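The values are calculated or read from the model by the stated rules, or taken from the named source; none is laboratory data. Source: prediction; values computed, not measured. A quick note on method: Cβ atoms are made from the backbone with ideal geometry, for glycine too, and the neighbour counts reach across all protein chains shown. Note: areas computed on protein heavy atoms with side chains; ligands, DNA, RNA excluded. Shrake-Rupley method; radii C 1.70, N 1.55, O 1.52, S 1.80 Å.
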Amino acid sequence: MPDERKTPDERAGMTDLERLRHSAAHVLATAILRLWPEAQLAAGPPVENGFYYDVELPHHISPDDFGKIEAEMKRETKANHPFERVEVSRDEALDMANRGLLGALGARSAPSKFKLDIIENIPEGEKITLYRNGEFTDLCAGPHVMRTGNIGAFRLTNIASAYYKGDEKNPQLQRIYGTAFKNKTQLDEYFAMLEEAKKRDHRKLGKELQLFAFDDDVGPGLPLWLPRGAAIIEELEKLAKETEFAAGYQRVRTPHIAREQLYKTSGHIPLYKESMFPPMTVDEHEIERAEWEKSKAGAEFGITRFIEDRLVAEGKSSDADQAAFKKRWGEEAWEQFIINTGGDALDAGIGGEELKRSLANYKERVNHLRRLGLPDVYYLKAMNCPHHHKLFGAVPRSYRDLPLRLAEYGCNYRYEQSGELFGLMRVRSLQMNDAHIYCTEEQFEEEFRAVNEMYLKYFKIFGIDKYIMRFSTHDPAKLGQKFVDNSELWLKTEEMVRGVLQRSGINYIEVPNEAAFYGPKIDVQVWSAIGREFTIATNQVDFAVPARFGLVYKTRENTEATPLCIHRAPLGTHERFIGFLIEHYAGNFPLWLAPEQVRILPIGDEAPLLEYARSIENELRAHEVRAELDAGSDHIKSKIASAEQMKVHTMLVLGKRDLEANAVSLRVHGQGNLGAKPRAQVVAGILAAIKERRPLATHGSWGRELAR
RNA sequence: GCCGAAGUAGCUCAGCUGGUAGAGCAGCUGAUUCGUAAUCAGCAGGUCACGGGUUCGAGUCCCGUCUUCGGCUCCA
């Protein structure tokens, strides 16, 4: 949370680079004020890749303004003013803010309104400090570098909007982002890294490599998987199925929709209703219902008219009448009677044949509508757990059945806010590598440990060597609102999870107040080959929802107990995981994952050569290798260029010489020509590399091994 | 959802202050038979995101909608 106050301890812990960037934010503010003295400054902290300053300003700053802002910043760093720390009393600070002196170059007519607000939020007893560089003074707790000249190299990067303190009820500010480094070399390296990241962008590569597409008619956030992308999905599912089968999981299948009641039971409605697609209403009695509703309204009118015409006019009523009415016609008719007469019926006498007829008519209609029942309401499923809970409950369970591990690549639909959609990383239809493990408390530790080990196994396969597990716990103050109200269970399960994480030596950090509503969770963060961060999977403990579903198993003592549930998805969703893999591998997938594993490129199109090429293609395809034959009339250079461009993993170039020697000329994407090899050796090498899921991409070792 | 920017051929992009919509690549047809990153020629390809408006005339100006992007907020 960028706008949450940092404690003095956290500030003292700022790294040198953060200090430098924080100082750069002050220099940015100095420059902005020189150009637009009326600017109201809010906050300007260092962030992960740089810094920003939030300002309120009538002029809309655009990248076109960056040049002149940077020029002013340059002047300030050239001047090499010292950062001067001044301690002031609360009253002095308030006085200065009122005179517009804070976040300013000098006195101004308007008070420094955001600074005033910030001062008011500084806890009593905490020191209030100002920092000055040149003529610029800002309310700031520091720390800073010694002088403005210590900011070696900086550049403004982009501009965005942000609510003051991140609250949409507050005014919207312009947030100017920049980055700064000790020297120009580091700055240049950073921008080179960004360039590389741009080249690896999964949206760009996904289009170029024909992996997936989006279409306006299908809808935003609903990816269409082209055959090349679907091939990756197939491989991931194969991997998951093998791994999970070996770990004792059982596969299940559930529909994509369910009745409203399921999500009421699970508690997702109303808690997550906004992020679900709006419901579908199915009404088999739509016409009949409409007719009877209409005649019910007619009957009501009849009652009303009777009241108006007769009873009210005659003006008589009694408690005995009321009781008699209710007994004869029921509570509902009485209520309706009251509603229709605006309460006058209380004072009116009850009786008369006409009223009786009207009420009989009315009641018949009410009863008929009741028999029709309510229309069916269905939701697209936003998660698989409720369906899986129903599967647990579908069969009587005993402790002997536990742990029960139900796995499914379930397709979920989530109505993510339009502004959240982002390529494959945030979508509205997602296929999750989901499973739910139902177990006893005693089994929990072993199950949870096994899940973590599965993560580590996958990391190895995909060459992910940097990860962290974020262990999110509850906030006791929000029990009953954001979190299921059971303090004891929270503490108990959190302790269990913490224990497993500690004992298994997993790399984790603890994050308070971010748990799921039904239990503590673990978010798995990984870093791609170029150091971009992704949250790939979440792993959750659920001690609440199985009870809501009334799930029980028979214990050894023949009593009933509720199982614990672990929600886990090591490969997250296909969408996000493949998005990650594309950027991780820069589109150069290892052979087993490559959309097109082998392309056969004959030199020329003479019949015997094509026949030879076809026989190799058939042999590979018989082993389910994704092999294609380029039988076109292009020159070989051109065929190679096309194959390289599509990042085809292995190319087999075939000419007369190869035909005569029963050989193939091996070429691997990124490795170039590896020379002619016996056909059987190359085929065997390809099959082995796929079977073993050798982790490296094109720079991998298998091509080299074959070339030996 | 909020703020800002963008949307021209399958892709990458040009199209100036309003005056008949263009290139390269990809595609198709033909020629080329070439040993490791692009052989040549021809053809075809467009409701300039969509809907209104201003104008004699709109890709270009104005308004609305959709989508995408950069952020904010959100993420069971």
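Work out how far the C-alpha atoms of the range A:43-157 reach from end to end along every principal axis, then list the three figures in whole Å, largest first.
Ordered largest first, the range A:43-157 gives principal extents of 40, 33, 28 Å.
Note down the net charge around residue A:644, summing +1 for each Lys or Arg and -1 for each Asp or Glu among other residues with Cβ under 13 Å from its Cβ.
Charge balance in the 13 Å sphere: +2.
Taking only complete DSSP H runs, can you tell me which helices of chain A stretch 27 Å or more along their own long axis by Cα positions and average at least -1.0 on the Kyte-Doolittle scale?
A:16-35, A:227-246, A:286-306, A:441-461
Rounded if a/c is under 1.5, else prolate if a/b is larger than b/c, else oblate: which is the range A:439-579, with a ≥ b ≥ c the root eigenvalues of its Cα gyration tensor?
It comes out prolate by the Cα gyration axes.
Net charge near residue A:573: determine it from the other residues with C-beta under 11 Å of the C-beta of residue A:573, scoring Lys and Arg +1 and Asp and Glu -1.
Once positives and negatives cancel, what remains is +1.
Per residue of the range A:471-484, in order, report the coupling 6.51 cos²θ - 1.76 cosθ + 1.60 (Karplus, θ = phi - 60°) as ³J(HN,Hα) in whole Hz, putting x for Gly and Pro.
For the range A:471-484, the Karplus curve yields 8, 9, 10, 8, 10, x, 6, 10, 4, x, 10, 7, 10, 3 Hz.
So what is Rg over Rh here for chain A, counting just Cα atoms and using Kirkwood for Rh?
1.09
Of the accessible area of chain A, with the probe set at 1.4 angstrom, what percent is carbon plus sulfur?
50 percent
Determine, for each peptide in A:172-182, A:118-128, A:430-440, A:230-240, the mean count of other beta carbons within 10 angstrom over its residues, then list the peptides with the highest first.
Packing order, densest peptide first, comes out as A:430-440, A:172-182, A:230-240, A:118-128.
Taking only protein heavy atoms into account and a 1.4 Å probe, give the accessible area per residue of chain A in Å².
It amounts to 49 Å² per residue over chain A.
Suppose every K and R has +1 on its Cβ and every D and E has -1 on its Cβ; what is the size of the dipole of chain A about the Cα centre, in Debye to the nearest 20?
Charge dipole, chain A, about its Cα centre: 1940 debye, nearest 20.
Please work out the Cα center distance from the range A:441-468 to the range A:630-672, rounded to the nearest Å.
Cα centres, the range A:441-468 to the range A:630-672: 40 Å.
If you take every DSSP beta bridge whose two residues both sit in chain A, what share of them, in percent to the nearest 5, is antiparallel?
So the antiparallel bridges in chain A amount to around 85 percent.
Please list the non-local residues whose amide H lies under 5 Å from the amide H of residue A:516, H modeled 1.01 Å from N, same-chain partners needing a gap of 5 or more.
Those lying under 5 Å, H to H, from residue A:516 are A:521.
Mean residue ellipticity at 222 nm from the helices of chain A, using -39,500 (n - 2.57) per DSSP H segment of n ≥ 4 over the full residue count, to the nearest 500 deg cm²/dmol?
Value at 222 nm, helices only: -12500 deg cm²/dmol.
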